[in-house]
Amino acid sequence: MLLSEQIQIETAISKIHAGDWGVITEQLHQHGFAKIEQVLSSTQCELLKQMYSQPEHYRKTVEMQRYRFGLGEYKYFTYPLPNLIGRIRHELYPYLAPIANAWFRVLRLERSFPSSHTEFLQQCHQHGQTLATPLILKYGQGGFNTLHQDLYGEVYFPLQLVIVLSQPNVDFTGGELVFTQQNPRAQSKAMVMQPQQGDILIFTTQFKPEKGSQGYYRVNMKHGVSPVHQGERYSLGIIFHDALS
Ligand SMILES: O=C(O)CCC(=O)C(=O)O
Ligand SMILES: [Fe+2]
């Protein structure tokens, strides 16, 4: 690894540690998503975009239209992950595990998450989930991603990350992240986000607890991407669990 690349990785990691984790935690509890701004430099984002066309990094390519997932294409990385992605996954997880544990506790769900990502991956491996899940997605004009949840087997971590690698309103227009919150006995609430290039967006994979008059209840959440009007939009998704296939 080049020294400059290593320094850039350390800079990104230090921005994660410098995040206001009190505020981020509160936003995750309230909305099910939160942002850490300007973590990756534009150089890092551009290098990840270039990596999209280097097949040796990937284990699987999915043409989204074929499965009616939307319009666009994505590629799952193979292990070993690029250093930057591996480090983000490893260093961010410990901030999220206590949030995941708090959610599962108030909803009286059995599972608890270990404090380190290494230990969590061991749990995935014990259930036969050994394949890398981080991915890069590419959408052209008209491209979109239907509302979904990213679950890849029995063991899953309930929060995940996305980093938009392209610059909104410069490289593309439209293509906003959409979240829906399905409240019991009500219609869904939709929320949209347009993160800047290099921001880390943290969001719930499946649900979040909501406080009611008789304790906490579960609201399911999904995410997707609205159609890109013009240009090309690349994004990096970081999921913490490994996949079966
Ligand atoms: O392209 C995006 O911003 C969202 C991609 C996505 O669904 C994911 O990373 O799980
Ligand atoms: Fe997703």
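The values are calculated or read from the model by the stated rules, or taken from the named source; none is laboratory data. The model shown is predicted, which means the values in this text are computed figures rather than measured ones. Cβ: placed from backbone, ideal geometry, glycine included. Neighbour counts: every protein chain shown. Remember, those area values only see protein heavy atoms, side chains included, never the ligands or the DNA or RNA. Shrake-Rupley method; radii C 1.70, N 1.55, O 1.52, S 1.80 Å.
Other residues with beta-carbon under 13 Å from the beta-carbon of residue 191 carry, at +1 per Lys or Arg and -1 per Asp or Glu, a net charge of +3.
Less than 5 angstrom separates the built amide H of residue 165 from those of 234, 235, 236, all sequence-distant by 5 or more or on a different chain. Taking loop as defined by DSSP and a crowding limit of 10 other beta carbons within 10 Å, which trypsin sites (Lys or Arg not before Pro) in region 178-245 fit? Of the trypsin sites (Lys or Arg not before Pro), the ones in loops of region 178-245 whose Cβ has at most 10 other Cβ atoms within 10 Å are 185.
Computing the accessible area with a 1.4 Å probe over protein heavy atoms, can you report the carbon and sulfur percentage for the chain? Carbon and sulfur atoms account for 50 percent of the accessible area of the chain. Taking a Cβ cut-off of under 14 Å around residue 230, the surrounding Lys, Arg, Asp and Glu residues balance to a net charge of -2, with basic ones at +1 and acidic ones at -1. Considering only DSSP beta bridges with both partners in region 117-238, what is the antiparallel share in %, to the nearest 5? The answer is about 95 percent antiparallel.
Excluding ligands, DNA and RNA, the accessible surface per residue across the chain is 48 Å² with a 1.4 Å probe. Residue-wise HN-Hα couplings along region 6-21, as the Karplus relation 6.51 cos²θ - 1.76 cosθ + 1.60 with θ = phi - 60° gives them from phi, are 4, 5, 5, 5, 4, 4, 4, 5, 5, 5, 5, 5, 7, x, 7, 5 Hz; Gly and Pro carry x.
The translational diffusion coefficient of the chain, from Stokes-Einstein at 25 °C and 0.890 mPa s with a Kirkwood hydrodynamic radius over alpha carbon pairs, comes to 133 µm²/s.
A helix-only calculation puts the chain at -9000 deg cm²/dmol for mean residue ellipticity at 222 nm, using -39500 (n - 2.57) for each DSSP H run of at least four residues, averaged over all residues. Enumerate the residues in region 107-133 having an amide nitrogen under 16 Å from the point lying 7 Å beyond the Cα of residue 78 toward its Cβ. Counting only backbone N, you get 130-133. Using Cα springs under 10 Å in a Gaussian network model of the chain, which residue among 74, 152, 139 shows the largest mean-square fluctuation? Looking only at 74, 152, 139, the largest GNM fluctuation is found for 152. Loop-located GluC sites (Glu not before Pro) in region 1-100 (DSSP state not H, G, I, E or B) with no more than 14 neighbouring Cβ atoms inside 10 Å: 37. Counting charges near residue 240 (Lys, Arg +1; Asp, Glu -1) among other residues having Cβ under 13 Å from its Cβ returns a value of -3. Apply the a/c threshold of 1.5 to the C-alpha gyration tensor of region 1-77 and tell me whether it is rounded, prolate or oblate. Oblate, since a/c reaches 1.5 and b/c is not below a/b. Distance from the C-alpha centroid of region 204-225 to that of region 15-37: 17 Å, rounded to the whole angstrom.
Gap in Å between the Cα centre of region 95-170 and the Cα centre of region 47-89? Spelled out, the Cα-based centre of one part sits 15 Å from the other.
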